[in-house]
Amino acid sequence: MSKNEPEELSESVYSQHGDVEMIRRGDRVYPNFRLEDSPGICEVPHEDIGYPLGPVPKGKGVEYTSEGEPMEYPEIDFRRLANELSDGRKIPNTTYLTHAIHKHPAIFIPHIPSYFIRQFTTSRAEDGDRPLVLDPFSGSGTTGLEAKINGRDYLGVEINPLSRLVSEVATSPIPPNALDRANEAYNNHLSATEKRLYEEFDVEFLDRTKKEHWFEPNAIVGLTRIRKALAEFIDSEFDPFTGLSEPEHRAIADLGLSETELRDRINRWLTLLIANTVFEVSNADPGVSKAYKSKKMRRKIDDDEHPPDIIETHQEQISETKGQLVELWNDIYGTTFNRGTIQPTLNKFSNVSDGTVELSENDAHKAEVNVRLGDARTFDFPEYREEVDIAITSPPYINAMNYYRGSKLRLFWLYDFLEEDEKFDATELRKSIVGTNSVSLSEVSRDLPVTIESIWKGSSSEFQETRLPNLDKDIISIHNLDHNDAERKAFVTWKFFANDMKRNLARVYEHLKPGGYYFFVIGENTIGERLIHSHKYIADIAQNLGKFDGTSSKLGENEGFRLVGSGWDKITNRDLFQGRKHEGGVIECEWVIILQKQLRE
């Protein structure tokens, strides 16, 4: 062998729990993806997909390795991987296009769904259609936006009406000239309002929350003016087709959008701006994920530094989000409208000399987005059963964030502008969000502490072969702690896995095509001084779905996902973790669980 020839690396086998084996060459491992079984790929790539092995980053006192498990795991560096794929698309930052159209808590970076979509689906699925991407925790629409701009269809499931609104606005292109005219018309209505309280456009909060605690009098006055202007705009004769350029007309006509449907997109955008403005002008500290009137905010109010000018803040939100929507249009259609944000327009790949893409060849233009209001644990869409090619999600952490408290102030101010199917009961919404700590033990019919083994239908020896006995030890340990909240925290932990994650895994399984992947990204957190190894327990539940009570009558006892493997990605954005206690050490990474629905024999 000459010095210039690369040294051929010897192969060995790298193993993980759950009979997972990968080929190892040097410091890289190559999971057995079985791409030939994937319905989202029309042609299997020639090169193997591999990742470098590395020690899992961890804070002081954190241990990830159990008996029989490896010391190193594959590092799946999404920021690097998403920008190195052969299609040439580059993601400049985490807020490009409409990813930051609303300040939504605990979103995952766009590089994650972008990488999975572009690496594990092709522009046409095996059946010749555009691949269908599912995210059962749609949130702000991060996965949906990446699916749309990369020419894949999207099905999102979201329980929170505000999050559904954000998802829809972020993924619904509006012609820039229509945005300009709508902005002008809406501003005319806003300018015509007087600086006074419009009682008919004031709101009653839907629970025991005291409005005057969260909003200063001048903030309430400004928000009633904004609501009055929006109501008048919605009731006006505004024609969104007037003033469109010929290419804009062609794009809208090709989609078959009616005047009413385009108006709805504009109305939803302006409705979202109420929520954006509420976020900026309420007394809640914007640096905390839940509604919390901190000492810092109290000082600002006392020093007359808060709230900012309501109308001026609202105008800033209009300008900023309009620019983001223009950038979305530019990205999809290869145009160069200059009313976007300062972020660079991404490259388009086209054989048309002016940079635009023919509509007949533009998959991003044609890609359909459908965000359904529903529960990630119970959704059932007959028309989508076994129609999904790939699922990607990042669920809430256990007991880590009260998503309802983080959104309720915004929801109350825009409630009557929501779609009819989005109207909600505040108490029910608060209790129904996955990961919530809003649990009343008086309503629990089971004896406590309840264990995972209590819902296991398989044999005892099969249960002991999983890592779930360790989860039961965690639950019992939390339950036995000497503090008032111990029993509730133990039950919340049990419920997260035994109910929430188990049922979600089953729903996704039912909607995936055989051979389809479920990429599951989750962090781990400390409950009652116990670090909960969520990725291990979810992987074991996923492999044994048919062996649990209450999963689905459609699943056979031996049905479950095939575990392709697990890997990690280092956490670089710690916004989610502000104010959280880490008795067991700071969590330095998120885990990726790669699951595949097996083909039928």
Cα-centre dipole for the chain with unit charges at Cβ (Lys and Arg positive, Asp and Glu negative), debye to 20
1540
Pairwise label distance in nanometres, ILE571 with ALA253, each label 7 Å out on the Cα-Cβ vector
5.2
Placing +1 at every Lys and Arg Cβ and -1 at every Asp and Glu Cβ, with all other atoms neutral, what dipole size does segment 102-210 have around its Cα centre, in debye to the nearest 20?
360
Give the aspartates and glutamates reachable from LYS210 as a straight Cα distance under 14 Å; neighbours fewer than 8 places away on the same chain don't count.
ASP202
Run through segment 359-428 and list the GluC sites (Glu not before Pro) located in a DSSP loop whose Cβ has at most 16 other Cβ atoms within 10 Å.
GLU368, GLU386, GLU419
Cα-based Rg and Dmax for segment 432-550, where Dmax is the largest Cα-Cα distance (Å)
14.4, 47
What whole-number value in Å² describes the accessible area per residue of segment 38-117 for a 1.4 Å probe?
45
Distance from segment 212-226 to segment 262-297 (C-alpha centre basis), Å
12
For LEU255, tell me the accessible area in Å² from a 1.4 Å probe, rounded to the nearest 10.
70
Under the 7 Å Cα-to-Cβ spin-label approximation, GLU261 and GLU8 lie apart by a distance in nanometres of 5.7
Hits among aspartates and glutamates - C-alpha to C-alpha of LYS408 under 12 Å, sequence gap 8 or more where chains match:
ASP207, ASP425
Per DSSP H run of at least 4 residues, take -39500 (n - 2.57); add these up for the chain, divide by its residues and hand me the 222 nm value, nearest 500 deg cm²/dmol.
-10500 deg cm²/dmol
Based only on the alpha carbon positions, what is the Kirkwood hydrodynamic radius of segment 150-246, in angstrom?
16.4
What does the accessible area of THR378 come to, in Å² to the nearest 10, when a probe of 1.4 Å is used?
70
May I ask you to evaluate 6.51 cos²θ - 1.76 cosθ + 1.60, the Karplus curve with θ = phi - 60°, for each residue of segment 210-216 and list the ³J(HN,Hα) values in order in whole Hz, giving x for glycine and proline?
8, 4, 5, 6, 9, 9, 6
Long-range HN-HN contacts of TYR518 with modeled amide H, under 5 Å
ALA391, LEU595, GLN596, LYS597
Sort segment 80-155 into rounded, prolate or oblate with this rule: let a ≥ b ≥ c be the square roots of the eigenvalues of the Cα gyration tensor; rounded if a/c is under 1.5, and if a/c is not under 1.5, prolate when a/b is larger than b/c, oblate otherwise.
oblate
Using a simple charge model, +1 on the beta-carbon of Lys and Arg, -1 on the beta-carbon of Asp and Glu, nothing else, what dipole does segment 454-547 show about its Cα centre, in debye to the nearest 20?
380
The answer for trypsin sites (Lys or Arg not before Pro) in segment 70-161 that fall in a DSSP coil and have at most 14 neighbouring Cβ atoms within 10 Å is LYS90
Mind listing which trypsin sites (Lys or Arg not before Pro) in segment 163-249 are in a DSSP loop and have 14 or fewer other Cβ atoms within 10 Å?
LYS195, ARG196, ARG208, LYS210
Of all DSSP beta bridges with both partners in segment 21-173, the antiparallel percent, nearest 5, is 65
Compute the relative contact order of the chain as a whole-number percentage, counting only Cα pairs closer than 8 Å that sit 6 or more residues apart in sequence.
18
Going toward the positive end of the dipole of the chain, with +1 on Lys and Arg Cβ and -1 on Asp and Glu Cβ, which of ALA498, LEU197, PRO39 do you reach last?
LEU197
Can you give the % of DSSP beta bridges in the chain that are antiparallel, to the nearest 5?
65
Which of the residue pairs LYS103/LYS228; LYS295/LYS423; LYS211/LYS295; LYS290/LYS502 have a Cα-Cα distance greater than 30 Å in the structure shown?
LYS295/LYS423
Summed side-chain charge close to PHE78 - residues other than PHE78 whose Cβ falls under 13 Å, Lys, Arg +1, Asp, Glu -1
-2
Name the residues whose placed amide hydrogens come within less than 5 Å of the amide hydrogen of GLY40, ignoring near sequence neighbours (fewer than 5 apart) on the same chain.
GLU126
Suppose each label sits 7 Å from its Cα in the direction of the beta carbon; what would the LEU206-ASN187 distance come out to in nanometres?
3.3
Descending principal axes extents, the chain, alpha-carbon based, whole Å
72, 66, 50
Could you point to the residue in PRO110, PRO52, VAL133 farthest towards the positive end of segment 42-148's charge dipole, with +1 and -1 charges on the Cβ of Lys/Arg and Asp/Glu respectively?
PRO110
Just add up the charged neighbours of ARG196: K/R +1, D/E -1, any other residue whose Cβ is under 14 Å from the Cβ of ARG196.
0
The percentage of the accessible area of segment 178-319 (probe 1.4 Å, all protein chains present) made up of carbon and sulfur atoms, to the nearest whole number, is 45
Nearest 0.05, what FRET efficiency do HIS46 and LEU481 give at R0 = 41 Å with Cβ-Cβ as r?
0.15
Net charge within 13 Å of ARG34 by Cβ-Cβ distance, Lys/Arg positive one each and Asp/Glu negative one each, not counting ARG34 itself?
-2
With all protein chains in place and a 1.4 Å probe, ILE159 shows an accessible area in Å² (nearest 10) of 50
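The values are calculated or read from the model by the stated rules, or taken from the named source; none is laboratory data. Because the structure is a prediction, the values reported are computed rather than measured. Using ideal geometry, Cβ is built from the backbone for each residue, glycine included, and neighbour counts are taken over all protein chains shown. All accessible areas refer to the heavy atoms of the entire protein, side chains included, with ligands and DNA or RNA removed. Shrake-Rupley method; radii C 1.70, N 1.55, O 1.52, S 1.80 Å.
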